[in-house]
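Peer 1: I am attaching a structure below and will ask some questions about it afterwards.
Only the coordinates and a few stated rules stand behind these numbers; no lab work does. Predicted, not measured: the structure shown is a model, and the values here were computed from it. Cβ coordinates were reconstructed from backbone atoms using ideal geometry, including for glycine residues, and neighbour counts include every protein chain displayed.
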Amino acid sequence: MASEVKKQLGDNIFLTTLDAAASWARSNSLWPMPFATACCGIELMSTAASRHDLSRFGSEVMRFSPRQCDLMIVAGRVAMKMLPVLQRIWLQMPEPKWCISMGACACSGGVFDTYAVVQGIDRFMPVDVYIPGCPPRPEQLIKAIVDLQEMIKAGGTYNAREFALRDSAEGPARFDEEELIRIRERNGLKLDSPKYDPVH
Amino acid sequence: MALDNTTVGSEVQIRLQSSLPDVAQTWSSFQGQERVVVPASHILTFLKACRDVTGFDQLIDLTCVDHLEMQGAVDRFELVYCLLSVDVGTRLIVKTYLNEPNLTVPSATQVWFGADWLEREAYDMFGIVFEGHPNFKRLLLPDEFVSFPLRKDYPQQGRGERHNFPIITRSKS
């Protein structure tokens, strides 16, 4: 019987799980949201352009509406005035979604260790793949996307709800609230300064 | 335009001094640049005279300097107006000094409207208050910001503002 089936169908049918098939499809049609704020954005554009041709990897459809994207590429330093915008755009993207932190500044603040620049976006939002470099070469971004595709294929998701388990911050440890209060008191700043709220 | 720079500069000085005899003016010159220090209480009168009497019709820049740790400095904040007469090509630097707690000067927007954003930036970075400005609020930093970061006593890494955001996790997004 088995040999009869094999003879009839040959290699035309293969068995898998719906999960794996969906993940395979998702991994090969990533729609990036280019959040390019600095020179990394130039490398991002170069990656998408003809010389490096990101479409070879099935993720060339850059969309400037977060509603149509599932891969956030944060390319460049994020100023503290920009972070609420970044978080809001991230919340507007439909699930399943992934995030690449591109370049030294997005990963860690880079050389900008000042009051105005966020010291790594992973302190405040989830990041799946980090790319070092200042700025990274297009090959590095391509490698990151290939790595992310492997991650998506291995991860698998029916309904993107596996993320529900990831309910803690994924970046470095939260800046100590007590330390924040101490710094502010030392500098004579009032403690009731307004909190940021990007959602509302 | 046969006048050289020194002649034009002294002509400006003579005209302003004769039209505003009751305003204390300290004139100096360095490498052909004319500079004048005016008390903050008379700054608006003086700027108006600069425009109307001597024809400085463009405000090139308006900025501020914090002399907190500068040796020999008497006053803390120095407000600098860089003026240009487009017709003649003459430039004039007008300075005034301010000290805490009275960091208020009248706005120059009624003399040159181009002072709009320049004054907002000076407020944003140094906390100088310009009275009579049509739209007085921060220019670059978020409205929630409470410090003035270009003051010399402000730490370079901030007072925790860059850590003051909610954390979005996977399960929440």
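Peer 1: Gap in Å between the Cα centre of segment B:65-133 and the Cα centre of segment A:1-27?
Peer 2: 75
Peer 1: Counting partner chain Cβ atoms within 10 Å of every residue's Cβ in B:149-161, what's the average? Each step should come with its number before you reach the end.
Peer 2: Details: counts 3, 0, 0, 0, 2, 2, 5, 3, 8, 8, 10, 12, 8.
Rounded to a whole number, the mean comes out at 5.
Peer 1: Sticking with this one: Most exposed first by the Cβ proxy, i.e. fewest other Cβ within 10 Å, how do A:Arg77, B:Arg138, A:Arg186 rank? Mind showing how you got there, number by number?
Peer 2: Working: A:Arg77 24, B:Arg138 15, A:Arg186 10.
Sorted ascending by nearby Cβ count, the order is A:Arg186, B:Arg138, A:Arg77.
Peer 1: What average count of beta carbons from other chains do you get within 10 Å of the Cβ of residues in A:113-119? Before the final figure, lay out each step's value.
Peer 2: On the way: counts 4, 6, 13, 8, 3, 3, 3.
The shielding value for this peptide is 6.
Peer 1: Considering only B:Arg91, B:Arg15, B:Arg159, give the residue with the highest GNM mean-square fluctuation for chain B, with springs between Cα atoms whenever their separation is below 10 Å.
Peer 2: B:Arg159
Peer 1: Also, I was wondering about something else. Return one number: the angle in degrees, 0 to 90 and rounded to the nearest 10, between the long axis of the Cα atoms of helix B:5-19 and the longest principal axis of the Cα atoms of chain B.
Peer 2: It is inclined by approximately 90 degrees.
Peer 1: I'd like the chymotrypsin sites (Phe, Trp or Tyr not before Pro) in segment A:1-103 restricted to DSSP loop residues with at most 11 other Cβ atoms within 10 Å, sorted by number.
Peer 2: Details: sites: A:Phe14, A:Trp24, A:Phe35, A:Phe57, A:Phe64, A:Trp90, A:Trp98; in loops: A:Phe14, A:Phe64.
Taking segment A:1-103 and a limit of 11 other Cβ atoms within 10 Å, the loop chymotrypsin sites (Phe, Trp or Tyr not before Pro) found are A:Phe14, A:Phe64.
Peer 1: Which value in Å is the Kirkwood Rh of the protein assembly as shown over different Cα pairs? The partial results should precede the final answer.
Peer 2: On the way: mean 1/r = 0.0398 Å⁻¹.
Here the Kirkwood hydrodynamic radius works out to 25.1 Å.
Peer 1: If we count other beta carbons within 10 Å of each Cβ, what is the order of A:Lys6, A:Lys97, A:Lys81, fewest first?
Peer 2: Details: A:Lys6 11, A:Lys97 23, A:Lys81 16.
So the ranking, lowest neighbour count to highest, is A:Lys6, A:Lys81, A:Lys97.
Peer 1: Okay, next question. Treat the count of other C-beta atoms within 10 Å as a stand-in for reagent exposure and order A:Ser59, A:Ser3, A:Ser168 from fewest to most. Numbers along the way, then the final one.
Peer 2: Details: A:Ser59 24, A:Ser3 7, A:Ser168 10.
In increasing order of surrounding Cβ atoms, one gets A:Ser3, A:Ser168, A:Ser59.
Peer 1: So how many Lys-Lys pairs in the protein assembly as shown land under 26 Å Cα to Cα, not counting same-chain pairs under 8 apart?
Peer 2: So the count of such lysine pairs works out to 21.
Peer 1: Over 23 Å, how big is the tail of the calculated P(r) for segment B:47-137, in percent of all Cα pairs? It would help to have the intermediate numbers written out before the result.
Peer 2: Details: 1019 of 4095 pairs.
Tail of the P(r) past 23 Å holds 25 percent of the pairs.
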